[in-house]
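Novice: Could you have a look at this structure, given as structure tokens, before my questions?
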Amino acid sequence: MEELGVDTPVSYDCEIRLRVNPQRRKEKVYVGCGAGFGGDRPIAALKLLQRVRELDYLVLECLAERTLAERYQAMKSGGEGYDPRISEWMQLLLPLAVENGVCIITNMGANDPFGARDEVLRLASGLGISITVGLAHQVAVVRSDLEEHLKHVDDVSVYLGAAPIVECLQNFRPNVIITSRVADASLFLAPMVYELGWNWDDLHLLAQGSLAGHLLECGCQLTGGYYMHPGDKYRDISLQDLLDLSLPFAEVSFDGKVCVAKAESSGGVLNPCTCAEQLLYEVGNPSSYITPDVVVDFQDVSFQTLSSSKVLCAGAKPSAAAPNNLLLLASKDKGWKGWGEISYGGYQCVKRAKAADFLVRSWMEEVYPGISKHIVSYIIGLDSLKAVSIDEDLPRDSQDIRLRMDGLFENKEQAIHFTKEFIALYTNGPAGGGGISTGHKKDIILEKALVKRKDVQWHMTATRNKIMQSDDLASPKNIIQTSSFHESVLQSLTMETTLNHKEGSPQIELISPAPHDRKIPLYDFAHSRAGDKGDDINFSLIPYFPPDIERLKKIVTQEWVKKVVSSLLNPSSFPTSDDIEQRNKWISEHVEVEIYEVRGIHSLNIVVRNILDGGVNCSRRIDRHGKTLSDLILCQKVLLPL
């Protein structure tokens, strides 16, 4: 390997420094999203590379609070601190990306960017491809101003902005850039700043670029993924269309004009509705969307359909310059999780599950008095997601259910004992229970704090691999191990284009106001998406008929929201009156609801704080992210005023 630049990397802090004489390299730049989370599909990214030859950059956004915590735990156990799937992604994408001149930017470096770099270089050498891999990553945090307990934590990550990536592009122009934790939108903003000659005081341009990045960051959620809903005439996409989703890309001009797009003749759907859902995904106050590069106001963002594959995005503006502090995440032990599941079917299966729940709690109390308060339970197939109107009783005629119990305990011994007591249901519990599964694991959370920009240091480096000349090495095109797979994918794309799936895409036309003479579910006239940040959740409410927002505002109050979400905090499927009283008291003291109107898309964004049982990394719920909350909301029946 050949190190580029200086032998010893220079440390930089995160203070905002204007670029010196930035050059406009392009009139417009094409930035694609190849991955929207760590579990995304590499083959979909390959299809985007094959279908959209204009692409300049492909961003693999694979790092979230959950996956970052997983990398912390893996490193402590002797595993990789970087995303171990990076070799799978690069094996598939590198050959075509290098051939097309597409630079790949990814945060899969996580806690070990150097390890990720070495893996990519090793893989490229095996493929016979000469590449340069750049690193832009956090190296140190001065913690003198942090709270005492955060000064001695080994594992801390800071959300960096776009500047380290821009500098890496400026200095090395690598084929691949690997980062540590970088704000999602900043991964996409960086190539715009570099290619279009923007500077850090071009706040309106940075706001529009950050809007593009935010829309792209979750991949196919913008182009019909996580949108299809049978029975909803506006969202009932055909299965063939859903099978042929295209990852999105953005076409961004030097003057800040932004269009998001999907590959021509692909399936899925890209329209103002899908854009509106993604705009509010994981957003708190839409007038103050904080990134490390600029604080953006989304309130007046609007979307205009240009074609079935392209939407114009306008109206993002800065509400403030880059913040003075950056967000820091520090790992913290949160005890031990223990869980168990058992199935019951047929006559009175719900009552048998209730009996099993009672027994396990009682057995635990015999050994550890008072520990039952650390256990939650729910019945899959009955109420595990609470998706029922508050006006209706839960159905009790289920014939096939599964009891799930989760405990978050102080130590490993308690978690293991819980699994043993749960397994004892086989011979000591109600009749007919089967399919038991149990488990336990150590849980950590990522505690949040703010750190001054000057206290965060980062490095950038670049390394080029060396291809050994040998009779065993043919030309790169001949030795690419995935070439036959590439060809088969390309053939399937040709066939999919020929089939033309457009008949399956729902058309939103001639929409009328929602009725006012009867109670109707929100499903009938609005759509929603929920997203999480730590222990908080947000969900959007987007009417199909925009003027209905004025009527909806009169229904959706803070009190209404608290009433709807209160069941999420029930300790079991059969709460007692004492349970309900304690729940309501806790909600009154801890749960906060914020409701924001988003004028440009005629929608509401609702934020509920302290509702996710501690957040994704330690929650005892089956839906740790709270993503199904959107359906809990939409099934509520309301009587709209005139």
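The values are calculated or read from the model by the stated rules, or taken from the named source; none is laboratory data. This is a predicted model, so every value here is computed, not measured. Methodologically, a virtual Cβ is constructed for each residue, glycine included, from the backbone with ideal geometry; neighbour enumeration extends over all protein chains shown.
Novice: Kindly evaluate Phe303 against the criterion of being farther than 30 Å from Gly381 by Cβ and either surrounded by 23 or more Cβ atoms within 10 Å (Cβ to Cβ) or not hydroxyl-bearing (Ser, Thr, Tyr) (or both).
Specialist: yes
Novice: Here's a follow-up. Hey, can you tell me all the residues within segment 223-242 that are over 16 Å from Ser528 (Cβ atoms), at pLDDT 90 or above and hydrophobic (A, V, I, L, M, F, W, C)?
Specialist: Hits for segment 223-242 are Leu239, Leu242.
Novice: Against the conditions (1) closer than 24 Å to Gly38 by Cα; (2) of a type outside the set (S, T, N, Q); (3) surrounded by fewer than 22 Cβ atoms within 10 Å (Cβ to Cβ); (4) out of contact with any Gly (no Cβ under 9 Å at 6 or more places or on another chain), where does Arg85 fall short? Just the number, please.
Specialist: All conditions are met except number (4).
Conditions (1) at pLDDT below 95; (2) over 24 Å from Arg464 (Cα atoms); (3) β-branched (Val, Ile, Thr), marked per residue:
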| position | (1), (2), (3) |
| --- | --- |
| Arg51 | no, yes, no |
| Ala74 | yes, yes, no |
| Phe114 | no, no, no |
| Leu146 | yes, yes, no |
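Novice: Quick one: how many residues across segment 159-180 are surrounded by fewer than 24 Cβ atoms within 10 Å (Cβ to Cβ) and under 22 Å from Glu70 (Cα atoms)?
Specialist: Number of matching residues: 1.
Novice: Moving to a separate point now. Looking at segment 556-573, which of the residues that are hydrophobic (A, V, I, L, M, F, W, C) and modelled with pLDDT of 95 or more is nearest to Leu640 (Cα to Cα)?
Specialist: Of everything passing the filter in segment 556-573, Val556 is nearest to Leu640 (Cα to Cα).
Novice: For segment 26-78, what are the residues that are assigned to a helix (DSSP H, G or I) and touching a Gly at 6+ places or on another chain (Cβ under 6 Å)?
Specialist: Selection gives Ala45, Leu48, Thr67, Arg71, Met75.
Novice: Of the conditions (1) out of contact with any helix residue (DSSP H, G or I) (no Cβ under 8 Å at 6 or more places or on another chain); (2) more than 23 Å from Val158 (Cβ to Cβ), Tyr57 satisfies every one except a single condition; which number is it?
Specialist: (1)
Novice: Moving on to the next point. Using the structure shown, decide if Asp443 is within 26 Å of Ser331 (Cβ to Cβ), among the acidic types (Asp, Glu) and touching a residue at least 24 places away in the same chain (Cβ under 8 Å).
Specialist: Considered against the rule, which asks whether it is within 26 Å of Ser331 (Cβ to Cβ), among the acidic types (Asp, Glu) and touching a residue at least 24 places away in the same chain (Cβ under 8 Å), Asp443 comes out as yes.
Novice: Quick one: count up the residues across segment 166-217 that are at positive phi and not basic (Lys, Arg).
Specialist: Here the count works out to 1.
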